[in-house]
Structures are given as C-alpha cells and as structure tokens.
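In what follows, a single structure is set out as structure tokens and then discussed.
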Amino acid sequence: MILFKREKFFISDPEQTILGDLIGRPLEQRTVLSAVHGLYTVAKRYEAFRLLKELNVFEGLQKHEFLGRLADLEKRYHTGLELMNLHNIFTPKGIEVYTLIDQICGQEIERVRDLKGVFELSNQPDEFSYEHFQRVNPIQQFLSMADLTA
C-alpha cells in the first residue's frame, strides 16, 4: 500500500527525496522510498527467518549459511531512517506504518539474540556472501558448535 498510495503516507515525494539530505550524510544516496522499502524487506526476512529457525528445517551446510544470513540481517536494520525527523517526511499514517515496521525489526532482533557475536561478519559486502562468510566462519568450526547445530 505504501508503494502505491504514497500521498497517504508521505508528505513529499519519497522517490525524489534523498535520505542523505535529511540526515546530513551526503554519501547516503538512497531515496527515502528505497530506504523504507529496505526496512520493510528486513522486517519480513526477520519474520520468515525466525520461523525457519524455530522449525529447524536446515542442517549442515544449509544451516551454516542460513544462520550466517540471519546473523547478518541486523546490520541492515538501522541504516539511516532512524536519524530523520519522521514528521518532516511522513504523514501521521506513514509514521504509524514506519513505527510498526521498525518495532517488528527490533522485536525480531531480540528473538534471535542468541546469534549475536557467534559469527564473524566483518568481511561481508553490502549483500550477504556465503563465500566470504565461509572464509572466516569455516563449516568445520560451526559443526563443532553443538548448541547451534542441534
């Protein structure tokens, strides 16, 4: 809905408004719409990943990659939107939707807090790379972690 009825959620055109201009970071060139869409995507991935984790559907190599992807999600949560004055960009309905998405992410991060600090993620590019992940988190090391592999 937020993508198609923008006037209900945004005061100005979110596709023309550069996030970096609103938060004083000239290198941030995403539009507000792109950043909001990214936050929504992170929230939905968190919800789906948490369910998959609870169902314990993966094992071995797949579980290694899955848990790496899940642990890597947190850095995609607060990426600038939280720094802007919401009242300057969103309508009251937009603030409500943004706040809900933000709360979902925060709650989901808490639900998977057991992964915090388990994996080395400093070598990850903008998009998660399992190849990079394996270099610093070898599968053999992971398989020896009984609490994560169970």
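Observations, loosely collected:
- Note on segment 1-55: residues that are of a type in the set (S, T, N, Q) and in contact with an Asp or Glu (Cβ under 6 Å, 6 or more places away or on another chain) amount to 1.
- Test: residue in segment 50-57 that is under 24 Å from T99 (Cβ atoms) and either part of a helix (DSSP H, G or I) or touching a residue at least 60 places away in the same chain (Cβ under 8 Å) (or both): yes
- Scoring T79 on the criteria (1) surrounded by fewer than 17 Cβ atoms within 10 Å (Cβ to Cβ); (2) closer than 20 Å to S122 by Cα; (3) in contact with a helix residue (DSSP H, G or I) (Cβ under 6 Å, 6 or more places away or on another chain); (4) of a type outside the set (G, A, S) leaves a single failure, condition (3).
- Which listed residue is surrounded by 15 or more Cβ atoms within 10 Å (Cβ to Cβ), out of contact with any His (no Cβ under 7 Å at 6 or more places or on another chain) and not acidic (D, E), from L70, L51, L100: L70
- Selection from segment 107-127 of residues that are part of a loop (DSSP other than H, G, I, E, B) and under 21 Å from A43 (Cβ atoms): V112, K116, L121, Q124, D126, E127
- Residues located in segment 128-145, provided they are outside any helix (DSSP H, G or I), of a type in the set (S, T, N, Q) and free of Cβ contacts under 8 Å to residues at least 60 places away in the same chain: S129, S144
- Pairs, first crowded, with 16+ Cβ neighbours inside 10 Å and of a type in the set (S, T, N, Q) in segment 14-37, second at pLDDT below 95 and not in a helix (DSSP H, G or I), C-beta under 6 Å, six or more apart: T31/E15
The values are calculated or read from the model by the stated rules, or taken from the named source; none is laboratory data. None of these values were measured; they are calculated from a predicted model. No Cβ is skipped: glycine too gets one built from the backbone with ideal geometry, and neighbour counts run over all protein chains shown.
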